[in-house]
Amino acid sequence: MPVLYTPGSDRTMLHLHFAPDTDITKGLAPEALKMFQFEWNIYHKLVRANEMHHREIGQLLRDEIGRRFDRPFAFLDLACGDASLAQTVLQDSKVATYEGLDLSRPALQCAARVMKDVPHDVELAEEDMVEGIVSRPASANFIWCGYSIHHLQRAQKQKMLSAIRNALKPGGVFVCAEPVCLPGETRADYTRRWQKELRHRFRSLTDAEYDHLWQHISTHDFPETPEDWLAMGETAGFTSSREIFRFPGDLFCAAFLYEK
Ligand SMILES: C[S@@+](CC[C@H](N)C(=O)[O-])C[C@H]1O[C@@H](n2cnc3c(N)ncnc32)[C@H](O)[C@@H]1O
């Protein structure tokens, strides 16, 4: 696996690992590559406008970290995107190592820029989070995954939560933010409920960008009820699972905290 090495400061290192067999510039047709980068830009606009509530969730993560870790700790960011949430959250914390996994090379390149001056070690890897989590037993004190597990089907989500518990050190914590639906609501009901409403909420997007995003949501998003997100944590063997944040308005997304 080729490694691009960039010194962060005298004491810290930043490594960016690209998987050779997923070189998107070789694997994708130019139109597909353009679409891939376009999608990342759309998501970035939502984040910048706080339309996915990263600020509120970031504050909750910061509070949990401040309460729990007065000694060096390892932070693992699954499907890290550009790592901007973690970069903010970890400022002034006792973090020793940050590791971010993502399948998107443009996102990882942004993450390398975002993390280039931080005073702790950084590992960024172009890696599937489902495979990546299984290969990291007892490796992290804090695991965060933002808006990415909901692409998996229910049985895979359950497996993922079990693997995440296994990847935590004793006393470790996992937080995720994910789409949620109402009890008894089918995926068709969920998409019908949200198509128009989200257009109002995602004001930062143009119509073309929204149409593209909606295509993604209506094809790839598989929400669960808050109760089911918590029940999956219990089945995975976490000692406690609780909802820590819910988007304002009706059920769209929520954040959950699981303790090993
Ligand atoms: C909606 S973005 C979330 C980014 C970031 N976690 C956040 O909260 O802003 C979803 C991210 O998940 C990544 N992703 C999706 N499936 C993945 C997988 N199986 N393994 C690794 N990354 C994945 C995408 O490349 C994208 O960066």
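The values are calculated or read from the model by the stated rules, or taken from the named source; none is laboratory data. Since this is a predicted model, take the numbers as computed values, not measurements. Heads up, the Cβs are rebuilt from the backbone with ideal geometry, glycines too, and the neighbour counts pull from every protein chain shown. Quick note on the areas: whole protein, heavy atoms, side chains included, nothing else; ligands and nucleic acids left out. Shrake-Rupley method; radii C 1.70, N 1.55, O 1.52, S 1.80 Å.
Counting each DSSP H run of 4 or more residues in the chain as -39500 (n - 2.57), what helix-only mean residue ellipticity at 222 nm follows after dividing by all residues, to the nearest 500 deg cm²/dmol?
Only helices count here, giving -13500 deg cm²/dmol.
Students often forget the sequence filter, so: which aspartates and glutamates lie under 19 Å Cα-Cα from Lys260 once same-chain residues fewer than 8 apart are removed?
Once the sequence-local aspartates and glutamates are set aside, what remains near Lys260 is Asp63, Glu64, Asp70, Asp77, Glu227, Asp228, Glu234, Glu243.
Residue-wise, which Karplus ³J(HN,Hα) couplings in Hz belong to segment 126-139, taking 6.51 cos²θ - 1.76 cosθ + 1.60, θ = phi - 60°, and x for glycine or proline?
Per-residue couplings from phi come out as 7, 8, 5, 5, 5, 6, x, 6, 5, 8, 10, x, 6, 10 Hz.
How many percent of the accessible area of the chain is carbon or sulfur, using a 1.4 Å probe?
54
Give me the distance in nm between label points sitting 7 Å out from Cα along the Cα-to-Cβ direction at Asp207 and Asn166, one decimal.
5.0
Would segment 168-256 count as rounded, prolate or oblate if I go by the C-alpha gyration tensor, calling it rounded below 1.5 in a/c and otherwise prolate when a/b exceeds b/c, oblate otherwise?
Taking the square roots of the gyration eigenvalues as a ≥ b ≥ c, segment 168-256 is prolate.
Please compute, for the alpha-carbon atoms of the chain, the extent along each of the three principal axes and give them in descending order in Å.
Sorted from largest, the Cα extents of the chain read 52, 47, 30 Å.
If you take the beta carbon distance between Phe245 and Gln156 as r and set R0 to 25 Å, what does 1/(1 + (r/R0)^6) give as a FRET efficiency, to the nearest 0.05?
Taking R0 as 25 Å, the efficiency between Phe245 and Gln156 is 0.55.
Running a GNM on the chain with Cα contacts under 10 Å, which residue among Gly172, Gly66, Gly233 ends up with the highest mean-square fluctuation?
Gly66
Taking the Cα centroid of segment 222-259 and of segment 139-199, what is the distance between the two, rounded to the nearest whole Å?
Answer, in whole Å: 8.
Among the aspartates and glutamates, select those whose C-alpha is under 14 Å from the C-alpha of Lys169, and discard any that sit fewer than 8 residues away in the same chain.
Glu259
Starting from the Cα-Cα distance between Thr235 and Gln215, subtract it from 0.36 nm times their residue separation and give me the gain in nm to one decimal.
4.0 nm
How big is the accessible area of Asp102 in square angstrom, nearest 10, if you roll a 1.4 angstrom probe over the protein chains?
20
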